[in-house]
Structures are given as C-alpha cells and as structure tokens.
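Chemist: My structure is below; once you've seen it, I'll send some questions.
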Amino acid sequence: MRLKSSSILLVLLTLFCWSAESKNNIPEDIKFNVYRNSNLIGFHNLSFSQLGDDIKAEIEIKFEVTFLGFVVYDYYHKNVEIWSDYRLKTLETFTDKNGEELSCKVSKSKDTYKISGTSRETLSEETIVPTSYWRNELIKGVKKKTLNTQDCSIINFKIESLGKKMIYNNKVKTDHYRLEGKESTGEEVIIDIWYDKFDRWVKMIFIKDGSKIEYISKKFDKSNE
C-alpha cells in the first residue's frame, strides 16, 4: 500500500513539473509603441499562450498617420501563429494596408507546408521563418528566405551582426542585427533589430517612404506611459 502511494506521488510530481516547465516555456508578452519621425503613430503587440503542447502567438499591429487632421496612412495587421517544437505549425493573417486587403495562410502536414496568400499558392518543404520577428531564428545565419506575413511572398534577407549594444539608457544589453532585402513589389527593406540576452525582441528601426519608423518597448518608453 505504501509502495502504491509512493508511485501515485511520483506521478503527481512528474505531472506538476511537466506543467510548470510547459508554462515556463511560454514567451513573455511583447508590447511596442511605434513612432514615425519621433511622433507616436500606433502599436505592435504580441501575446502568447499555451495551446496543449504548442505555443500560440497572437499579433496585432495598428498604425495611423495624420496630416492637418486627416488620416493619410492607415495600417492594420492581425496574425495568429501556432508553434510546435520550435517550428511553425499554422499561421493565418489579415492585413488592411491603407485600404488594400492582404492575407496569408500556412498549414503544416508532416514535412510539407501549404501556403496560400494574396501573392501566391504553393507547397513547400523548406522550413518557414515568418516576418513576425519575435523568433530569433530569423537572424541565425547570414542569409534567410523569409515569409512575408502580409501576403505570403518571400523576402530574401541578407543578415549582418552589428555586435553587442546597450540600449534604453544602458539598461538592456542586446545583440544588434541589420536585415536587408526586397519585397516582391521591389521595395527595399532595411531593418535594424535588437534582441536581449534572453533572445527576446526588444527594439526595431526601419525606413518607410523616407520616414524613420521606430519600435520602442513600452517597458522603457517613459514618454508615453
């Protein structure tokens, strides 16, 4: 009887430890204020949850640029990703890019991805790295074929490590990278991106239509608390 009780206790402890470990694997939510030439234009938020053995990422982006009281650029993006064993399992997005509606949907079956989006429909056996940026697999290596989550097109990024940098008034030690590529439209994409020592995405800067777009972590943004 004592042996049986010990066995039950061992099972319960194992289940508890597995549950605690699973919860610890959930990434911390990421929230950015987004600025255009130092003016606040919106946000980029990522929230994470456990879905069985998988990780669910929900991403929402909203930008609004005004001039003389009129909205001259309006952008909204919604993305839901499921990750299993550090690999993308499914992805579904919707984008309203100043009135132009775009979409991208990805599902994995064994070792094959079904890709269906505004730009194309295809099957692929290549590992998919989406432009949601929170997974630092994006910057591993020197060149990366990356899925544009707006429309399922491909961006071929050249990736350069710019070394260690202290940011946010020397409060956060980071690895700084530069990504250079072209969208399917021919538009050049140049992104500076920073990850902290825990491989968490903490900052980004890129140029859009001649304007500097800067992502500042809400944790460190004292100007808009």
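The values are calculated or read from the model by the stated rules, or taken from the named source; none is laboratory data. These numbers were taken from a predicted model, which means no experiment stands behind them. Virtual Cβ from ideal backbone geometry, glycine too; neighbours counted across all protein chains shown.
Chemist: Which one is surrounded by the most Cβ atoms within 10 Å (Cβ to Cβ), of the residues in region 170-180 that are touching a Phe, Trp or Tyr at 6+ places or on another chain (Cβ under 9 Å) and within 20 Å of K143 (Cβ to Cβ)?
Modeler: That would be L179.
Chemist: Can D85 be described as more than 27 Å from K218 (Cα to Cα), under 17 Å from the mean Cα position of the chain (by Cα) and modelled with pLDDT under 95?
Modeler: Yes: the conditions hold for D85.
Chemist: Could you go through region 185-193 and let me know if any residue there is in contact with a Lys or Arg (Cβ under 6 Å, 6 or more places away or on another chain), within 20 Å of K144 (Cα to Cα) and without any contact (Cβ under 8 Å) to a residue 24 or more places away in the chain.
Modeler: yes
Chemist: So, one more: Looking at E183, E188, can you tell me which residue is farther than 21 Å from K31 by Cβ and surrounded by 14 or more Cβ atoms within 10 Å (Cβ to Cβ)?
Modeler: E183
Chemist: Scan I128, I154, I115 and give me the residue that is among the aliphatic types (A, V, I, L, M), more than 18 Å from I30 (Cα to Cα) and in contact with a Leu (Cβ under 6 Å, 6 or more places away or on another chain).
Modeler: Step by step, each of I128, I154, I115 is checked, and only I128 is among the aliphatic types (A, V, I, L, M), more than 18 Å from I30 (Cα to Cα) and in contact with a Leu (Cβ under 6 Å, 6 or more places away or on another chain).
Chemist: A further question follows. Kindly indicate whether K218 is charged (D, E, K, R) and without any contact (Cβ under 8 Å) to a residue 40 or more places away in the chain.
Modeler: no
Chemist: OK, next. Any chance region 214-223 includes a residue that's part of a loop (DSSP other than H, G, I, E, B), surrounded by fewer than 17 Cβ atoms within 10 Å (Cβ to Cβ), touching a Phe, Trp or Tyr at 6+ places or on another chain (Cβ under 6 Å) and not aliphatic (A, V, I, L, M)?
Modeler: Yes, the conditions are met somewhere in region 214-223.
Chemist: Being over 14 Å from the mean Cα position of the chain (by Cα) and either touching a residue at least 40 places away in the same chain (Cβ under 8 Å) or at positive phi (or both) is the filter here; which residues of region 88-114 pass it?
Modeler: Listed by number, the residues that qualify are T95, K97, N98, G99, L102, S103, C104, K105, V106, K110.
Chemist: For I167, state whether it is more than 29 Å from K89 (Cα to Cα), at pLDDT 95 or above and surrounded by 17 or more Cβ atoms within 10 Å (Cβ to Cβ).
Modeler: Spelling it out, I167 is indeed more than 29 Å from K89 (Cα to Cα), at pLDDT 95 or above and surrounded by 17 or more Cβ atoms within 10 Å (Cβ to Cβ).
Chemist: Which residue, of I30, I8, I55, is modelled with pLDDT under 95 and more than 18 Å from C152 (Cβ to Cβ)?
Modeler: Answer to the selection: I8.
Chemist: Determine whether V71 is of a type in the set (A, V, I, L, M, F, W, C), assigned to a strand (DSSP E or B) and exposed (fewer than 11 other Cβ atoms within 10 Å of the Cβ).
Modeler: Yes: the conditions hold for V71.
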